[in-house]
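The values are calculated or read from the model by the stated rules, or taken from the named source; none is laboratory data. All values derive from a computational prediction rather than experimental measurement. As a convention, Cβ positions derive from the backbone with ideal geometry for all residues, glycine included, and neighbour counts pool all protein chains shown. Remember, those area values only see protein heavy atoms, side chains included, never the ligands or the DNA or RNA. Shrake-Rupley method; radii C 1.70, N 1.55, O 1.52, S 1.80 Å.
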Amino acid sequence: MLTALVLAPTSARAADWYTGAAQPEVAGDDWIVAVDAGATVTTNSSAFGTVTATIAPVGTLLEDGLRVRLQGVAGTYSYPGAAVRQTVTGVQQEGTVLLGYEWIWQQAALAGYIGMNVRSNELSILDPGNPVVGTGLGVKVAADLYVNPTENTLFSANASYSTLFNAYYARFRTGVAVVPGVFIGPEATLLGDAFFNGWRAGGHITGFAIGPMKFSLGAGYAFDRIRKGGYYTSVDGRIAF
């Protein structure tokens, strides 16, 4: 997930929400809501989309303060069911409400969240080998870190865990600026739950703008314990107001 919209309150420079790259301050950029959207598709028969709203109930997203996060996830996947000896298709939806706090520095931003999530997972046929079925409520925690170790380098990490189905997600990126504010580099993702687990490794280009939105593209190798090796592509974007 994409999160930080960063400002150094004591500096005449602001760090970009997406990459941390230094930006000239612009009057009126007192954003209080940021909306992120992302989608990932794999050749291992999965496709998921996410929409996240991060809100500053007091102050702005450009300074330290409380954060409210609302998130929705939906997707589909399929796998060869060993117990039923046929392909099983799953449809998953999830809604999350989190409360947190974000700390802003000139070259970094760190946020932590805690709250609840509701997740529904429906299968096309009953699979005794898959315990991640039905609808439930869990406690969820999440954290985001964005750092510019130097003016032309980037490191970011986004992670979450839910007690519901022991679901976890972690994404790491590093990058080097090819033009101001646009970074290219490697990325890695770990994800799973009580039934599924896998990892992805590839590359990304992050920070390019189209109109008022900024985007990131990723692609690489995907592995999961059932379908084994494959490939993934992802696109993420954000708009703030």
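The label point for Leu110 and the one for Val141, both projected 7 Å from the Cα toward the Cβ, are 1.4 nm apart. As a length-normalised measure over Cα pairs under 8 Å and 6 or more apart, the relative contact order of the chain settles at 18 percent. Residues in the stretch 42-103 average 45 Å² of solvent-accessible surface per residue, probe 1.4 Å, ligands and nucleic acids excluded.
Full-extension gain between Tyr101 and Asp64, please, as 0.36 nm times their residue separation minus the C-alpha to C-alpha distance.
12.6 nm
Highest mobility in the GNM of the chain, judged by mean-square fluctuation with C-alpha springs under 10 Å and restricted to Ala170, Ala39, Ala83, is found for Ala83. The modelled label-to-label distance between Leu217 and Thr43, using points 7 Å beyond Cα along the C-beta direction, is 1.8 nm.
Centroid-to-centroid, using Cα positions, the stretch 165-181 and the stretch 134-151 are 11 Å apart. Starting from the Kirkwood radius over alpha-carbon pairs of the chain, derive D by Stokes-Einstein at 25 °C in a medium of 0.890 mPa s and give it in µm² s⁻¹. The calculation lands on 132 µm²/s.
Atom-type composition of the exposed protein surface of the chain places 67 percent of the accessible area on carbon and sulfur (1.4 angstrom probe). Full extension of the chain segment joining Phe241 with Asn152 gains 29.4 nm, where the gain is 0.36 nm per residue of separation less the Cα-Cα distance.
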